[in-house]
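Report on the following structure.
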């Protein structure tokens, strides 16, 4: 089921006992939760809505709540967050979960309870008995990242509903600065709406002024400079990031990840993979794949490999020596280009 269909069903009172909201789009997760909350009369919400984080609460407590009759109302809602036990590699947590209780509940859910599991993952470990049972018994809601076009359409429609317009160039810039992630774009809209309150029109200059560039975006630009052999500009930008108190190892890790993505996309493109297939295979936002596909066509695989291995070596030197990170980055850049021209 798509998010829009679920929201329509909730509004119309068409509710099921168990839902699995699967995917990482935070903004839609919040919309879904708000819609379920509104399905309960306001004066009954305090006693009939429960939220349980599985990283610090037992599933037994949540199940006990779900099995309880609603107080002075027709329904109870139980939200489950961070159900890490649905994944293949369970991370260490404070409490062990009695999964059998959840399996038993799925067999006979309480009819007066709406049990909603928010799983911010790309997919579940379907080898697990619980995952199989959940996928069979629950209404599965697809909550993956929207593609670039869908994000643009949603933002435009929302602004139109509020009586605002956004210039095409402004929308393009907003999408670029937020990496086409709906959650990030929606976080920036209140500032833009306030700034454009007089004329009800959001311009490119407003977006440029009000929407900050993320660290990932800055490092995306840095990777362009590195791969374009712009030694001085690369070093200057790296220095500026250090001056902004960004951690050198973090900068290197994100830069390494960007080059790795370009390599992976380059290889998969050569094997005939399309944008959607690549995004699915690598579990990466479609917009990032789109940019990587364009960039990887401009650079040889050999150059990408050389840059990647150089960054791996740079990270090792950062961890094993006392030299200044900026000096090591300069050596990386100079060594990289010396090797290329050797």
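The values are calculated or read from the model by the stated rules, or taken from the named source; none is laboratory data. As the structure is a prediction and not an experimental result, all values here were calculated from the model. Cβ: placed from backbone, ideal geometry, glycine included. Neighbour counts: every protein chain shown.
If you check residue 250 against the conditions, is it assigned to a helix (DSSP H, G or I) and under 24 Å from the mean Cα position of the chain (by Cα)? Please lay out each step first, then the result.
Details: assigned to a helix (DSSP H, G or I): yes; under 24 Å from the mean Cα position of the chain (by Cα): yes.
It is true that residue 250 is assigned to a helix (DSSP H, G or I) and under 24 Å from the mean Cα position of the chain (by Cα).
Closer than 17 Å to residue 1 by Cβ and in contact (Cβ under 8 Å) with a residue 24 or more places away in the chain: does that describe residue 175? Talk me through it step by step, then tell me what you get.
Numbers: closer than 17 Å to residue 1 by Cβ: no; in contact (Cβ under 8 Å) with a residue 24 or more places away in the chain: yes.
Considered against the rule, which asks whether it is closer than 17 Å to residue 1 by Cβ and in contact (Cβ under 8 Å) with a residue 24 or more places away in the chain, residue 175 comes out as no.
Would the range 231-238 turn up any residue that is within 26 Å of residue 172 (Cβ to Cβ) and crowded, with 16+ Cβ neighbours inside 10 Å? Steps first, please.
Step one: list which residues in the range 231-238 are within 26 Å of residue 172 (Cβ to Cβ), which gives 233-234, 237.
After this cut, where a residue has to be crowded, with 16+ Cβ neighbours inside 10 Å as well, the list is 234, 237.
Yes: one or more hits.
Failed condition for residue 30, given (1) closer than 14 Å to residue 119 by Cβ; (2) touching a helix residue (DSSP H, G or I) at 6+ places or on another chain (Cβ under 9 Å), with all others met?
Result: residue 30 passes all but (1).
Run residue 325 past the list (1) in contact (Cβ under 8 Å) with a residue 12 or more places away in the chain; (2) in contact with a helix residue (DSSP H, G or I) (Cβ under 6 Å, 6 or more places away or on another chain); (3) within 29 Å of residue 120 (Cβ to Cβ) and report the number of the one that doesn't hold.
Against the list (1) in contact (Cβ under 8 Å) with a residue 12 or more places away in the chain; (2) in contact with a helix residue (DSSP H, G or I) (Cβ under 6 Å, 6 or more places away or on another chain); (3) within 29 Å of residue 120 (Cβ to Cβ), residue 325 comes up short only on (3).
Does at least one position in the range 65-77 carry a residue that is out of contact with any helix residue (DSSP H, G or I) (no Cβ under 8 Å at 6 or more places or on another chain), buried (at least 18 other Cβ atoms within 10 Å of the Cβ) and touching a residue at least 12 places away in the same chain (Cβ under 8 Å)? Step through it out loud before you land on a result.
So in the range 65-77, the residues out of contact with any helix residue (DSSP H, G or I) (no Cβ under 8 Å at 6 or more places or on another chain) come out as 65, 68-69, 74.
Within this subset, residues satisfying the condition of being buried (at least 18 other Cβ atoms within 10 Å of the Cβ) are 65.
Within this subset, residues satisfying the condition of being touching a residue at least 12 places away in the same chain (Cβ under 8 Å) are 65.
Yes, that holds for at least one residue.
Take the residues of the range 124-138 that are touching a residue at least 60 places away in the same chain (Cβ under 8 Å) and buried (at least 16 other Cβ atoms within 10 Å of the Cβ): which is farthest from the chain's Cα centre (by Cα)?
Step one: list which residues in the range 124-138 are touching a residue at least 60 places away in the same chain (Cβ under 8 Å), which gives 124, 134-135, 137-138.
From what's left, buried (at least 16 other Cβ atoms within 10 Å of the Cβ): 124, 134, 137-138.
Values: 124: 16, 134: 23, 137: 26, 138: 23 Å.
My answer is 137.
Looking at (1) more than 22 Å from residue 135 (Cβ to Cβ); (2) under 28 Å from the mean Cα position of the chain (by Cα); (3) surrounded by 13 or more Cβ atoms within 10 Å (Cβ to Cβ), which one does residue 36 not meet, given that it meets all the others?
Single failed check for residue 36: (1).
Out of the range 3-24, which residues are out of contact with any helix residue (DSSP H, G or I) (no Cβ under 6 Å at 6 or more places or on another chain), over 19 Å from residue 134 (Cβ atoms) and in contact (Cβ under 8 Å) with a residue 24 or more places away in the chain?
Within the range 3-24, 11, 13 meet the criteria.
Under 20 Å from the mean Cα position of the chain (by Cα) and surrounded by fewer than 15 Cβ atoms within 10 Å (Cβ to Cβ): does that describe residue 100?
Spelling it out, it is not the case that residue 100 is under 20 Å from the mean Cα position of the chain (by Cα) and surrounded by fewer than 15 Cβ atoms within 10 Å (Cβ to Cβ).
Conditions (1) assigned to a helix (DSSP H, G or I); (2) at pLDDT 95 or above, marked per residue:
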position: 124; (1), (2): no, no
position: 140; (1), (2): no, yes
position: 198; (1), (2): no, no
position: 224; (1), (2): yes, no
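Would you pick out the residues in the range 263-309 that are more than 20 Å from residue 152 (Cα to Cα), assigned to a helix (DSSP H, G or I) and touching a residue at least 60 places away in the same chain (Cβ under 8 Å)?
Correct list: 295, 303, 304, 307.
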